Amino acid sequence: MPGGSPDALEQLAARLKAAAAGAAGLGTSTRQVTASIRSGAGWTGDAADGYSAFTGNLAQGAVAAEAPMSRIALAVQEYAGSLRTAQQKVAAYNSAAETAQVTGNDSGYMNAASLAGQDAAAAVSAQQAAGDRAAAEVRAAGGDLGNLLGSGPVRGWLDRQSVSWDTLAGLPGLGDPVGPQILKTPGAELGPEILKTPPGELGPLINYSEQGNENVSDVLKGKLGSITRAPLPRGSPSWSDIGNMTMNEVRAAARANQPGFKTILKLLTDSRFNKQ
Amino acid sequence: MAQGFSVNANKLGAGSQDVAGLQGRCEIITGNAVDALAGMAGSAGHAGLASALTGAAGQGFKAFVEMAVAYRHVSDSLTASAEAYAGTERAIAARAGAILGGFR
């Protein structure tokens, strides 16, 4: 019997499609909200123009996420149909074979089982081909997801940050260690210019003390919610499993090379993932 | 050559919260999208498709986290710029007061 769950795939595809619509909505809202901030403040000048270019690029990136996410949802939905058919055909074959056996291999039932077997083989073959096609589509769409911001000012700003993108580099599918670099507070900049962080600003500090007795769940309260969605290495514990662990215990587990703990420790201790 | 500027610093600073709201929406979308992609990988029953979906989950996660970070940057920068504009205005007002005071 081919593995997998067509029902789950269809439900998740619908959820991804809703997220895709949400991304498009976010892009539209970004345009409206940021334009309204500028006009409401009567903001003019070079800095205001830089702000509009940056936020326009951001809005465009969010809107651009809709298409690849929808393509993935559609590809998976189509594959789910093939998987369901294959599972039904294999189940029918199993049933026909069992019946033939029970009837002492009666030739009529044997023929029926043989036909069901051919049907099942064809359906499994079609399911594999559909899976290959869906995989190609998902890979292409994934590539598009990786390039949502194009080469505009947001990508330029991300690339100019000098702290390496190492926190995510060790996670599956999250790029190379020397790739785009983000989240560092830039050095001294002059004047009231939007999108340049003023001199001396160090950004939000990690909100746990050095003693390391804080629970993971407490540390998570000061972190971006999205870090708990980061794909973790195989064998990692779930976030709920480690909620009561202290940071010292997490550090010890990371030192002991327990699966996933190095990544978890990075996510918990990197100030770039702090909430505002 | 830089042009002159005009701005209502208070209103600019207030916009920071609106952008923080957009950042929050971005994070929710990140979670939903990555959950869906990772879940599909686990339910695919096809190794190649599962691998592609895992890769897309990673690419999507990175893309959305980058956008969330950019939203935060805009939000922080609006606050910082509003403060800087207000500070500049106060300094100009103080100097103008001193200069104009000399005419009295």
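The values are calculated or read from the model by the stated rules, or taken from the named source; none is laboratory data. Just so it is clear, the structure is predicted and the values come from calculations on it, not from any experiment. FYI the Cβ positions are ideal-geometry reconstructions off the backbone, even for glycines, and counts take in every protein chain you see.
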Could you please find all residues in region A:226-276 being crowded, with 16+ Cβ neighbours inside 10 Å, free of Cβ contacts under 8 Å to residues at least 60 places away in the same chain and within 14 Å of chain B (Cβ to nearest Cβ)? A:SER226, A:ILE227, A:THR228, A:ARG229, A:SER236, A:TRP239
Picking from B:ALA52, B:ALA56, B:ALA70, which residue would you name as being of a type outside the set (Lys, Arg), in contact with a Pro (Cβ under 9 Å, 6 or more places away or on another chain), part of a helix (DSSP H, G or I) and at the interface with another protein chain (Cβ under 7 Å from one of its Cβ atoms)? B:ALA56
Helices (runs of 4 or more DSSP H) completely within region A:105-215 that count 2 or more residues being within 23 Å of the chain's Cα centre (by Cα) and either within 7 Å of chain B (Cβ to nearest Cβ) or at pLDDT 95 or above (or both): A:107-145, A:153-160
Filtered residues of region A:210-244 (kept if touching a strand residue (DSSP E or B) at 6+ places or on another chain (Cβ under 7 Å) and farther than 22 Å from B:GLN23 by Cβ): A:GLY212, A:ASN213, A:GLU214, A:ASN215, A:GLY243, A:ASN244
Could you tell me which of the residues B:VAL7, B:VAL19, B:VAL69, B:VAL74 is farther than 25 Å from A:GLN11 by Cβ and in contact with a strand residue (DSSP E or B) (Cβ under 8 Å, 6 or more places away or on another chain)? B:VAL7
Applying the selection to region A:49-78, what residues are crowded, with 23+ Cβ neighbours inside 10 Å and either over 26 Å from the mean Cα position of the chain (by Cα) or under 16 Å from B:LEU53 (Cα atoms) (or both)? A:TYR51, A:ALA65, A:PRO68, A:MET69, A:ILE72, A:ALA73, A:ALA75, A:VAL76
Does region A:265-276 contain any residue that is at pLDDT 80 or above, among the charged types (D, E, K, R) and more than 27 Å from B:LEU78 (Cα to Cα)? yes
Condition broken by B:CYS26, with the remaining ones in (1) more than 30 Å from A:GLN128 (Cβ to Cβ); (2) over 11 Å from the mean Cα position of the chain (by Cα); (3) within 7 Å of chain A (Cβ to nearest Cβ); (4) among the hydrophobic types (A, V, I, L, M, F, W, C) satisfied: (2)
Out of (1) facing chain A (nearest Cβ under 7 Å); (2) touching a Leu at 6+ places or on another chain (Cβ under 8 Å); (3) in contact (Cβ under 8 Å) with a residue 12 or more places away in the chain, what's the single condition that is false for B:GLY13? (1)
Quick one: in region B:77-87, which of the residues that are more than 7 Å from chain A (Cβ to nearest Cβ) and surrounded by fewer than 24 Cβ atoms within 10 Å (Cβ to Cβ) is nearest to the chain's Cα centre (by Cα)? B:THR79
Go through region A:87-113 and count every residue that is touching a residue at least 24 places away in the same chain (Cβ under 8 Å) and surrounded by fewer than 13 Cβ atoms within 10 Å (Cβ to Cβ). 0
